[in-house]
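Enquirer: I have a structure I would like to understand better, so I am pasting it below and will then ask my questions one at a time.
The values are calculated or read from the model by the stated rules, or taken from the named source; none is laboratory data. Just so we're clear, the structure is a prediction, and the values are computed from it rather than from any experiment. Here the Cβ is made from the backbone with ideal geometry for all residues, glycine too, and neighbour counts use every protein chain on show.
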Amino acid sequence: MDNLGSWNAFVQAAEYRSFVAAGRHLGVSPSAIGKSIARLEERLGARLFHRSTRSITLTPEGSLFLERCRRIFCEIEAAELELSQANEAPRGRLRVSMPIADRLMMPVLSAFMRAYPDIELDIDCSDRLVDVIEDGFDAVLRTGEPNDSRLMTRVLGSFRKRLVGSPDYFARMGTPEVPEDLLRHHCLFYRYPTTGKLQLWPLSRDGRDVELDLPATLVCNTSAPQIHMAQEGLGIACLPDFTIMDELRAGTLVSVLDDFIPFSGTFRVLWPSSRYLSPKLRVFVDFVAEHLDLAPVRG
């Protein structure tokens, strides 16, 4: 318990970057904070802070130890809350951010609301890259690899990118057989809302990227216009297969050049590691992982 007290003093000093503010938060004097951390450094045999007359900054050893301490305190908090809430039914407001993937997510969310009527869902549908913690979300659903060490994550499934167009379009324009054939086709592009850059089509041959300056007939920042224009026979779009499952199964869209698109992505749910997994968040994560349909579609 003495160790926990000194670790807490260290964490608060690191968070506030001040012995004075840490002492004020814990209700002790700045000198008590300083002495506690000095004893901790002596016990560990490592310096945790660089000290000056105006500020303190973490050493590399201090940064490493801070992450360990945060995890320990999160586990303690989670254990206490899990025990105290073990018999509570999941309830309350749950704020979730997810990409605009209506046909993938809406059936799952509808089933979740029926299963847990006491949970109030607050959904933010956007392709923009949100800051989970700063923007106050309980969880986010996203594609790609996580790059924020403050977040916990669970893989929900994988997907493939597909180049698709309508049967009528390919009957008129011809079916591309190699990536270079795309240079004479109408290409429907996606623009990332955050960066404003066009999404590159992940073309590859013999393990090497194929870079082409493809003609852009349409540029938009959501997938719905791409799907609609492709079905209308106006061009070829590059889309995650989970956004066009119904069209592929129905044959209104068909994919081409599958052998030249090895890229597969990952769909994940992420939540703040500093936040205990409350009953409402736990059931949401488990429910989405169980019911999300990311089965590959041939076509």
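Enquirer: Filter the stretch 212-224 down to the residues that are under 28 Å from the mean Cα position of the chain (by Cα) and either at pLDDT 90 or above or not in a loop (DSSP other than H, G, I, E, B) (or both) and list them by number.
Expert: Our first condition is that a residue be under 28 Å from the mean Cα position of the chain (by Cα); within the stretch 212-224, this holds for 218-224.
Residues satisfying the conditions are LEU218, VAL219, CYS220, SER223, ALA224.
Enquirer: Let me spell it out: the conditions are (1) touching an Asp or Glu at 6+ places or on another chain (Cβ under 9 Å); (2) farther than 30 Å from GLU41 by Cβ; (3) surrounded by 11 or more Cβ atoms within 10 Å (Cβ to Cβ), and LEU109 meets all of them except one. Which number is the exception?
Expert: The failed condition is (1).
Enquirer: Residues to consider are ARG142, ARG162; find the one that is at pLDDT below 90 and either out of contact with any Cys (no Cβ under 9 Å at 6 or more places or on another chain) or not aliphatic (A, V, I, L, M) (or both).
Expert: Working: ARG162 fails: at pLDDT below 90.
Matching residue, one of ARG142, ARG162: ARG142.
Enquirer: Say we look at the stretch 1-19 and pick out the residues that are over 13 Å from LEU40 (Cβ atoms) and free of Cβ contacts under 8 Å to residues at least 12 places away in the same chain; which of these is surrounded by the most Cβ atoms within 10 Å (Cβ to Cβ)?
Expert: TYR16
Enquirer: Let me ask something else. Enumerate the pairs (first residue in the stretch 20-34 and closer than 13 Å to GLY5 by Cα; second residue anywhere and outside any helix (DSSP H, G or I) and modelled with pLDDT of 90 or more) with beta-carbon separation below 6 Å, excluding pairs fewer than 6 apart on the same chain, so at least 6 apart or on different chains.
Expert: Close Cβ pairs (under 6 Å, with a partner that is outside any helix (DSSP H, G or I) and modelled with pLDDT of 90 or more) amount to GLY23/SER29.
Enquirer: Within the stretch 124-147, which residues are free of Cβ contacts under 8 Å to residues at least 40 places away in the same chain and surrounded by fewer than 13 Cβ atoms within 10 Å (Cβ to Cβ)? Reasoning before the result, please.
Expert: Taking the stretch 124-147 as the starting set, the residues that turn out to be free of Cβ contacts under 8 Å to residues at least 40 places away in the same chain are 124-125, 130-131, 134-135, 147.
Answer for the stretch 124-147, where residues must be free of Cβ contacts under 8 Å to residues at least 40 places away in the same chain and surrounded by fewer than 13 Cβ atoms within 10 Å (Cβ to Cβ): ASP131, GLU134, ASP135, ASN147.
Enquirer: From the list ARG70, ARG51, ARG91, ARG47, which residue is surrounded by 12 or more Cβ atoms within 10 Å (Cβ to Cβ), within 20 Å of PHE284 (Cα to Cα) and modelled with pLDDT of 85 or more?
Expert: Numbers: ARG70 fails: within 20 Å of PHE284 (Cα to Cα); ARG51 fails: within 20 Å of PHE284 (Cα to Cα); ARG47 fails: within 20 Å of PHE284 (Cα to Cα).
Step by step, each of ARG70, ARG51, ARG91, ARG47 is checked, and only ARG91 is surrounded by 12 or more Cβ atoms within 10 Å (Cβ to Cβ), within 20 Å of PHE284 (Cα to Cα) and modelled with pLDDT of 85 or more.
Enquirer: I would also like to ask the following. Of all the residues that make up the stretch 1-49, how many are small (Gly, Ala, Ser) and more than 16 Å from THR59 (Cβ to Cβ)? So that I can check it myself, show each step before the final result.
Expert: First, the residues of the stretch 1-49 that are small (Gly, Ala, Ser): 5-6, 9, 13-14, 18, 21-23, 27, 29, 31-32, 34, 36, 38, 45-46.
The next check asks that each one be more than 16 Å from THR59 (Cβ to Cβ); those that pass are 5-6, 9, 18, 21-23, 27, 29, 31-32, 36.
Total meeting the criteria: 12.
Enquirer: Just to be sure before I move on: is THR252 within 28 Å of the chain's Cα centre (by Cα) and part of a loop (DSSP other than H, G, I, E, B) in the structure I sent?
Expert: Numbers: within 28 Å of the chain's Cα centre (by Cα): no; part of a loop (DSSP other than H, G, I, E, B): yes.
Here the answer is no, as THR252 does not meet what is asked.
Enquirer: Further question on the same structure: Looking at the stretch 152-202 only, could you name the residues that are of a type in the set (Phe, Trp, Tyr) and buried (at least 16 other Cβ atoms within 10 Å of the Cβ)? Before you say what the answer is, go through the steps one by one.
Expert: Just the residues of the stretch 152-202 that are of a type in the set (Phe, Trp, Tyr), to begin with: 159, 169-170, 189-190, 192, 201.
Answer for the stretch 152-202, where residues must be of a type in the set (Phe, Trp, Tyr) and buried (at least 16 other Cβ atoms within 10 Å of the Cβ): PHE159, TYR169, PHE170, PHE189, TYR190, TRP201.
Enquirer: Related question: Among the strands (runs of 3 or more DSSP E) lying completely within the stretch 81-196, list those that include at least 1 residues that are in the same structural domain as HIS291 (by TED's automatic domain parsing) and in contact with a Phe, Trp or Tyr (Cβ under 7 Å, 6 or more places away or on another chain).
Expert: Details: elements: 92-98, 119-125, 139-143, 151-165, 187-190.
The strands (runs of 3 or more DSSP E) meeting that bar are 92-98, 139-143, 151-165.
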